[in-house]
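Structure record follows, encoded as structure tokens.
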Amino acid sequence: MTVDDIKNTIMCGDALELLRKIPDGAIDLVVCDGPYGVTEKSWDRVESIQEYNLQLIHIFSRVLKAGGAAYLFGKHNCIDFIDYRPFLDLVNRIVWYQPARLGQGRKRYTNNHDIMAYFVNRGAEATFNLDAIRVPQLVELEHRMRCERVPSVRNGKYGKTRFNEKGKNPGDVWGDIKQLTYKSKELASPELHTIQKPEKLIERIVKASSNPGDMVLDPFAGTGTTAVVARRLGRDFIGFEINPNYVEIAESRLSRLEEEMEAAAAQVSLFK
Ligand SMILES: C[S@@+](CC[C@H](N)C(=O)[O-])C[C@H]1O[C@@H](n2cnc3c(N)ncnc32)[C@H](O)[C@@H]1O
């Protein structure tokens, strides 16, 4: 089987089984938002989340192109005490900070972040389109004055910090993208707010770590957010999802997107 046989489709089945069908080095970017191992949902229960993730990381190193990237979502300990180093290089543990998350207990601090472990495959320089994901600088004047005269980390000398007018690197703590709530217009259906990821979050990943025409794999596609974002940004995708109801939801989101894109293209040709 070639990737062309399954590209731009969501296949229904178990990710570990289906991943075997992907030829070596066929994928530019993996967005992996699978089990976290923390809820009561049957699909979220795995014996050891770390061992499960290690299996995935091993497979991703095979299916990724040299320099390809994988973003693995999870909780703070999702890659602790496993040795992923023979397979992929860990570049960042991105913290997705959600300050509005409600308190979850009285005996410990509320967990209000998820981790996205950003890995790259060896053998070539990884794609990182910084200009596509810049965020606004802090423009408050006093802060700016203070920042403009800071000692250099290298030699301690004071110098003028130059601001890039196009914005700054978003860094590895992302607090500017909100989790969806049951009221979000973007939700495919109200009860899905605990699993569906915001398009903006996936957009940042797809824009940074892939180029138009690249192949994006989401082995736990859920409601199809990665697929929708990838298509909108001119990438191809392959999605796997075990729950047939979610596959249906993802497919209807994709058909809606195709209709929107066709309508937009028709508008453009009207004005030509
Ligand atoms: C956190 S959700 C993904 C949500 C998705 N990012 C979205 O925005 O809709 C994880 C998904 O993985 C699916 N899943 C869990 N175990 C799976 C497996 N072994 N193979 C394929 N899909 C699986 C679940 O059904 C669920 O839809």
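The values are calculated or read from the model by the stated rules, or taken from the named source; none is laboratory data. Predicted model, so just to flag it, every value in this text is computed and none were measured. FYI the Cβ positions are ideal-geometry reconstructions off the backbone, even for glycines, and counts take in every protein chain you see.
Of the conditions (1) within 30 Å of SER42 (Cα to Cα); (2) more than 10 Å from the ligand (Cβ to nearest atom); (3) aliphatic (A, V, I, L, M); (4) in contact with a helix residue (DSSP H, G or I) (Cβ under 6 Å, 6 or more places away or on another chain), ALA188 satisfies every one except a single condition; which number is it?
Only one criterion is unmet by ALA188, namely (2).
Taking the condition farther than 11 Å from VAL31 by Cα and within 12 Å of the ligand (Cβ to nearest atom), does GLN196 pass?
Judged against the criteria, GLN196 is a match.
LYS157 fails exactly one of the following numbered conditions: (1) away from the ligand (no atom under 16 Å from the Cβ); (2) within 24 Å of ASN53 (Cβ to Cβ). What is the number of that condition?
(2)
Would you mind stating whether ASP28 is more than 10 Å from the ligand (Cβ to nearest atom) and either touching a residue at least 24 places away in the same chain (Cβ under 8 Å) or of a type in the set (Gly, Ala, Ser) (or both)?
Spelling it out, ASP28 is indeed more than 10 Å from the ligand (Cβ to nearest atom) and either touching a residue at least 24 places away in the same chain (Cβ under 8 Å) or of a type in the set (Gly, Ala, Ser) (or both).
Conditions tested, residue by residue: (1) touching an Asp or Glu at 6+ places or on another chain (Cβ under 9 Å); (2) away from the ligand (no atom under 16 Å from the Cβ); (3) within 17 Å of MET215 (Cβ to Cβ).
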{"residue": "MET11", "(1), (2), (3)": "yes, no, yes"}
{"residue": "ASP14", "(1), (2), (3)": "no, no, no"}
{"residue": "LEU19", "(1), (2), (3)": "no, no, yes"}
{"residue": "ASP24", "(1), (2), (3)": "no, yes, yes"}
{"residue": "ASP33", "(1), (2), (3)": "yes, no, no"}
{"residue": "VAL38", "(1), (2), (3)": "yes, no, no"}
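So, in segment 31-49, of the ones that are at pLDDT 95 or above and surrounded by 18 or more Cβ atoms within 10 Å (Cβ to Cβ), which residue ends up nearest to the chain's Cα centre (by Cα)?
VAL31
Can ALA227 be described as in the same structural domain as VAL31 (by TED's automatic domain parsing), within 16 Å of the ligand (Cβ to nearest atom) and among the small types (Gly, Ala, Ser)?
In short, yes.
Pick out the one residue from ALA221, ALA188, ALA250 that is among the aliphatic types (A, V, I, L, M), in contact (Cβ under 8 Å) with a residue 40 or more places away in the chain and part of a helix (DSSP H, G or I).
None of the other options fit; the residue is ALA250.
For segment 206-224, which positions are within 12 Å of the ligand (Cβ to nearest atom) and surrounded by fewer than 23 Cβ atoms within 10 Å (Cβ to Cβ)?
Of everything in segment 206-224, just one residue is within 12 Å of the ligand (Cβ to nearest atom) and surrounded by fewer than 23 Cβ atoms within 10 Å (Cβ to Cβ), namely PHE220.
Would you check if there is a residue in segment 169-180 being within 12 Å of the ligand (Cβ to nearest atom) and either among the hydroxyl-bearing types (Ser, Thr, Tyr) or not assigned by TED's automatic domain parsing to the domain that holds ILE115 (or both)?
no
Considering (1) more than 10 Å from the ligand (Cβ to nearest atom); (2) assigned to a helix (DSSP H, G or I); (3) within 23 Å of ILE57 (Cα to Cα), say which one ILE202 fails and leave the rest.
Here ILE202 meets the rest and fails (1).
What residue, of PHE237, PHE163, is surrounded by 15 or more Cβ atoms within 10 Å (Cβ to Cβ) and not aliphatic (A, V, I, L, M)?
Unique residue meeting the criteria: PHE237.
What number goes with the only condition from (1) under 30 Å from HIS193 (Cβ atoms); (2) modelled with pLDDT under 90 that ALA117 does not pass?
Unmet condition: (2).
Residue under question is LYS197, and the condition is that it be surrounded by fewer than 19 Cβ atoms within 10 Å (Cβ to Cβ) and in contact (Cβ under 8 Å) with a residue 40 or more places away in the chain; does it hold?
In short, no.
From the list LEU56, LEU64, exactly one residue is within 14 Å of the ligand (Cβ to nearest atom) and either of a type in the set (A, V, I, L, M, F, W, C) or surrounded by 17 or more Cβ atoms within 10 Å (Cβ to Cβ) (or both). Which is it?
None of the others qualify; the one that does is LEU56.
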